[in-house]
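> What follows is a single structure, and I will ask about it in a moment.
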Amino acid sequence: MKLSDITIGQYFPGESPIHRMDPRTKLTLTMVYLIMLFTARNALALAVGVLFVLVSYPASGVSLRLILRSTKPVLPIIIFTGIFNLFLVAGEVVWSFWFLSITDEGIRVAAFMCVRILCLIAGSALLTYTTSPIALTDGIEMLFSPLKKLGAPVHEVAMMMTIALRFIPTLIEETEKIMSAQKARGADLESGNIFQRIRAMLPILIPLFVSAFRRAEELALAMECRCYHGGEGRTRMRILKVSWIDAAAVAFTAAFFSAVIAANIYAIDLAGMVSEL
Amino acid sequence: MSPIIKTDGLSHIYSAGTVFEQAAIKDINVEINRGEFVGVIGHTGSGKSTLIQHFNGLLKPTSGKIFVEGEDIWEKPREIRRFRFKVGLVFQYPEYQLFEDTVYKDIAFGPTNMGLAEEEVDKRVREAAAFVELKPELLEKSPFELSGGQKRRAAIAGVIAMNPEVLILDEPTAGLDPRGRDRILGEIKEYHEQRSNTVLLVSHNMEDIARYAAKVMVLNQSRVFMYDTVESVFSRARELQEMGLSVPQVTKICLRLAQAGVEISPQTYTIKSAKARIIELLGRKRPNEAE
Ligand SMILES: Nc1ncnc2c1ncn2[C@@H]1O[C@H](COP(=O)(O)OP(=O)(O)OP(=O)(O)O)[C@@H](O)[C@H]1O
Ligand SMILES: [Mg+2]
């Protein structure tokens, strides 16, 4: 995989309704969606959760291919979780070999976990695909601003996040440049055992750290030159505004959440009725 | 004699198959002969850096072939490292790749990767350092303690120490003062003359190209627009200016003088030759006042 193929946390500019939503609404609704996924207790409820992302993606204009790409790096985690649950959850044994055994409950839990994690990633990727990093941190800062009264450094943390996000592409580009330069001097990054490989990374990591520190110093200086002195009394260039799109999105999410809860209750009733019979 | 580097329909597309797809070089067919000093010019984004990274196999062509000493370098991808030692590449701002705790060790990185014996590495490091005029006592210092120009020279020494058949430098003088610039280019010229190796110099400075290179490759919009001797390339001043490039200032002056009726050739590229010609003309017109 090439470094530049990583798309998590990448923003794709656009004009879709989801792009135009207030970042605060998007953040809150993403959180609500994550809760929704873990509230779902049966297949029907989970299907409603899956439907939610499937409907949201077309509305954002972000291609479905991109979600698939975004899940690629976490695929090992998903597979690991799936296998872990498959073999370790107690229940009625349906298949066994040597000391391994798969239970009906194991299959169910494994399938649930995999679908949940996939939705979780697709849902949060939708947030970062459609929200510029600046808008995102602005939203986070405003959502958490009540904590400022308790003395929490909300502005500082948000500023740090903005800067960190801003520099991810720069650092990736820089890493590729340094890698090319060391390869040009015959650095061998591809072969050897794990220790040799870690050692082979040093010629890349050291210049990378040196330049990250240099950049940080330059940036701090540039900010001070422009009289940056923290969040106190700072006004914003872009004022966040809630519009009818946000209202619609809230209603849409609320409808799905209700459907999930209804599915939970309805299916439990169903199970109850079955056992009564 | 066969060319040391030859390309055959070389093209490179960045991020192929995505929305960010971009053709950086298209259908490049060039031959670089052994022992030549070639200047590479072209406006920003014309594909110079992309092209030279193909010569040592850092970038793999989207289509086309590269031959180094007659061998197709991508025939056996596992052996690509061999060609990185034959074709040494100095990147733009090479000082940012220094990493060892002493200058000596950093210069030794390349030769050590080649698997040379310790004495040979030592010999090469000292020779390379001498070429770029780094004093022996600086070798034991940390590269991060050097001045900007010294760092740059140390990084160039790191590539020279591999004794490559072809030395490619991507804007080696960017961000240096005029004296630092002349010094580095002078050292490269000397290296070229002593070892009679092939040198490719990417530069935006036409004066430097006219002064040091024998041939010039002009890239325009991802293609090779001209590849000829300095004289014939700079004689097409108008075309160069149309594509946003220029000719050396002294050439511009001579062009104007020639237009004004002075008997001076517009094919004058260096201050030295212009000066000689002007003195000659002055001497001829006013023999009494020549002093
Ligand atoms: N890593 C990359 N990914 C995507 N596109 C790239 C990459 N590197 C270069 N390009 C694009 O390829 C084209 C050629 O770039 P290149 O760096 O080769 O130009 P250049 O002639 O060296 O320019 P300069 O004089 O500014 O150094 C440019 O349009 C550039 O945007
Ligand atoms: Mg370049």
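> Considering only the range B:203-215, I want to know if a residue exists there that is open to solvent by less than 30 Å² (accessible area, probe 1.4 Å), assigned to a helix (DSSP H, G or I), within 16 Å of ligand 2 (Cβ to nearest atom) and not basic (Lys, Arg). Walk me through it before giving the result.
Initial filter on the range B:203-215 (open to solvent by less than 30 Å² (accessible area, probe 1.4 Å)): B:203, B:206, B:208-210, B:212-213.
Applying the additional criterion that residues be assigned to a helix (DSSP H, G or I) yields B:206, B:208-210, B:212.
Still in the list and also within 16 Å of ligand 2 (Cβ to nearest atom): B:208-209.
Now narrow it down to the ones that are not basic (Lys, Arg): B:208-209.
Looking for residues that are open to solvent by less than 30 Å² (accessible area, probe 1.4 Å), assigned to a helix (DSSP H, G or I), within 16 Å of ligand 2 (Cβ to nearest atom) and not basic (Lys, Arg), one finds at least one in the range B:203-215, hence yes.
> Closer than 17 Å to residue A:220 by Cα and aromatic (Phe, Trp, Tyr): is that true of residue A:144 in this structure?
No; evaluated as a whole, the condition is false for this residue.
> Among (1) of a type outside the set (Gly, Ala, Ser); (2) farther than 21 Å from residue B:209 by Cα; (3) within 16 Å of ligand 1 (Cβ to nearest atom); (4) more than 14 Å from chain A (Cβ to nearest Cβ), there is one condition residue B:60 misses while meeting the rest; what is its number?
With respect to (1) of a type outside the set (Gly, Ala, Ser); (2) farther than 21 Å from residue B:209 by Cα; (3) within 16 Å of ligand 1 (Cβ to nearest atom); (4) more than 14 Å from chain A (Cβ to nearest Cβ), residue B:60 is out only on (4).
> Is one or more of the residues making up the range B:259-266 within 19 Å of residue B:36 (Cα to Cα), more than 16 Å from ligand 1 (Cβ to nearest atom) and in a loop (DSSP other than H, G, I, E, B)?
no
> Quick one: which of B:7, B:62 is of a type outside the set (A, V, I, L, M), open to solvent by less than 10 Å² (accessible area, probe 1.4 Å) and more than 16 Å from ligand 2 (Cβ to nearest atom)? Before you say what the answer is, go through the steps one by one.
Details: B:62 fails: open to solvent by less than 10 Å² (accessible area, probe 1.4 Å).
Checking each option against the conditions leaves just B:7.
> Continuing with this model, one more query. Where residues in the range B:36-51 are more than 14 Å from residue B:222 (Cβ to Cβ) and open to solvent by less than 30 Å² (accessible area, probe 1.4 Å), which of them is nearest to ligand 1 (Cβ to nearest atom)?
B:41
> In the range B:87-107, which residues are open to solvent by 10 Å² or more (accessible area, probe 1.4 Å), under 19 Å from residue B:188 (Cα atoms) and away from ligand 1 (no atom under 16 Å from the Cβ)?
The answer is B:95, and nothing else.
> Being within 11 Å of chain A (Cβ to nearest Cβ) and either of a type in the set (Asp, Glu) or touching a His at 6+ places or on another chain (Cβ under 9 Å) (or both) is the filter here, so list the residues in the range B:104-121 that pass it.
Of everything in the range B:104-121, just one residue is within 11 Å of chain A (Cβ to nearest Cβ) and either of a type in the set (Asp, Glu) or touching a His at 6+ places or on another chain (Cβ under 9 Å) (or both), namely B:106.
Residue by residue, here is whether (1) without any contact (Cβ under 8 Å) to a residue 60 or more places away in the chain; (2) within 12 Å of chain A (Cβ to nearest Cβ); (3) open to solvent by 10 Å² or more (accessible area, probe 1.4 Å); (4) not aliphatic (A, V, I, L, M) holds:
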position	(1), (2), (3), (4)
B:123	yes, no, yes, yes
B:132	yes, no, no, no
B:140	yes, no, yes, yes
B:147	yes, no, yes, yes
B:157	yes, yes, no, no
B:169	no, yes, no, no
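> So, one more: Has the range A:201-222 got any residue that is surrounded by fewer than 11 Cβ atoms within 10 Å (Cβ to Cβ) and not hydrophobic (A, V, I, L, M, F, W, C)?
yes
The values are calculated or read from the model by the stated rules, or taken from the named source; none is laboratory data. It should be emphasised that the depicted structure is a prediction, and the values quoted were computed from it without experimental measurement. Cβ sites come from the backbone with ideal geometry, for glycine too, and all protein chains shown count toward neighbours. Note: accessible area is taken over every heavy atom of the protein model, side chains too, but ligands, DNA and RNA are not part of it. Shrake-Rupley method; radii C 1.70, N 1.55, O 1.52, S 1.80 Å.
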